[in-house]
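Quick notes on the structure that follows.
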Amino acid sequence: MDQLTDIVKQTYLRRFDELELEYQFHFASRMYAWTGDTDARRRLEQLKEHMVPMTHDGRVQALHAIEHELAIKDYERDVNNYARRKPFFAAYPKLLLVHNALFRIRHWWCVYGIDERESLFTLVPKEDIETMLVSLMDDEDALRVLSTYAINTLYLYETLFETPIHFQPERAMAVAAAYDCTTKADIQLLIYLYTHCIIGASLFYYQPVTRDIQTYHAMLQEIEELIDAQYDTITLDNKFEFLVCARLCGYASHLASRIYDEASISINDQGFIVDTANRAINPVKQSFLMSEHRNVLFIMSVSEPAFSTGFIR
């Protein structure tokens, strides 16, 4: 796998400037957190002026600018299963705003060492956020369909702030029992529901996962059985994310060699991995830009996490 990993890594570093800013940061921040890669660190240093306004007031303005960003976002391109999720985004109109703001605050703090956590409440009052999250935890249909967006927000808020709100991962397993695992869409939602519980517990690769390990192992076993049973209908994104979460939890999967065999025949002539050997091909996700998520997960999946937390200056 070393040769394939190096090909993919060098392809994304060589063509780094072709990525949109969001995807540049996604690639470099995950590479650095997971491997301590010096090239990724250098890219994060270069991105700092674009990612972090220099002043407190500028950072508050950047949080408030998220509302405009959401107004012009290409949801059909960027959000899997958007038509199904749209009514739940409407039911929780501040969810995406808080979700994106929490990520921005997390990046400033975990990557660049700048703490703007309290600035979240200039955007949405604390009481409103916590009321929304409590409601969301009780809403099985919303949790099931929103999947990552709900889980990310719950875990980021709990991890970044001192709060009595605590999402029990067993709750995710109870909710997942109602998925129809004969359909590709529900399988994908289930996998992302579980994997983002684990990723959220790591504060997106910032820290080891230290609690609820037995529950997370049960989630991984369920995903493993799903992938094994319906292998050809599941994307490489899902498979690589499963392997990354297995690394986070110390879970050894017998599927790893099978997934890497698929990866080895899925490298295209441009030097990055696309879905070709399964029946889960999404034409929208085959470009260099839209394959970044899949490819950085592949790179991460082949090694143990380093949890590189030296702040980028």
Treating only Lys and Arg (+1) and Asp and Glu (-1) as charged, each at its beta carbon, one finds that the range 190-253 has a dipole about its Cα centre, in Debye to the nearest 20, of 300
Here the convex hull volume per residue of the range 246-304, taken over Cα atoms and given in Å³, is 93
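Quote the relative contact order of the range 131-256 in percent (integer), defining contacts as alpha-carbon pairs under 8 Å separated by 6+ residues. Mind dumping the intermediate values first?
On the way: 114 pairs, mean separation 31.1, N = 126.
In percent, rounded to a whole number, it is 25.
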Given [x] 64, 56, 31; [y] 49, 45, 37; [z] 71, 67, 37 as possible values of Cα extents along the principal axes in Å, the one from the coordinates is [y]
Quick shape check on the range 169-313: root eigenvalues a ≥ b ≥ c of the Cα gyration tensor, a/c under 1.5 is rounded, otherwise prolate if a/b tops b/c, else oblate, and it reads oblate
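Per-residue ellipticity at 222 nm for the chain, helices alone: DSSP H runs ≥ 4 residues times -39500 (n - 2.57), over residue total, nearest 500 deg cm²/dmol?
That calculation yields -19500 deg cm²/dmol at 222 nm.
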With every protein chain in place, the accessible area of Phe307 for a 1.4 Å probe, in Å² rounded to the nearest 10, comes to 40
Rounded to one decimal in nm, the spacing of the 7 Å Cα→Cβ label points at Arg77 and Gln207 is 3.6
Taking the range 47-158, the equivalent ellipsoid from its C-alpha gyration tensor has semi-axes in Å, biggest first, of 25, 16, 12
Note on the chain: helices (DSSP H) long enough, at least 15 Å by alpha carbon along their axis, and hydrophobic enough, mean Kyte-Doolittle at least -1.0, are 2-14, 21-35, 95-110, 126-138, 148-160, 184-201, 213-229, 236-249
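Under the definition of Cα pairs under 8 Å and six or more residues apart, what whole-number percent is the relative contact order of the chain? Before the final figure, lay out the partial values.
Working: 346 pairs, mean separation 81.9, N = 313.
Worked out over the chain, it gives 26 percent.
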Per residue, accessible area of the range 128-238 with a 1.4 Å probe, heavy atoms of protein chains only, in Å², comes to 36
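The values are calculated or read from the model by the stated rules, or taken from the named source; none is laboratory data. Bear in mind that the values here come from a model prediction, so they are computed numbers and not experimental data. Note: ideal-geometry Cβ built from the backbone for every residue, glycine included; neighbour counts use all protein chains shown. Accessible surface areas use protein heavy atoms only, side chains included; no ligands, DNA or RNA. Shrake-Rupley method; radii C 1.70, N 1.55, O 1.52, S 1.80 Å.
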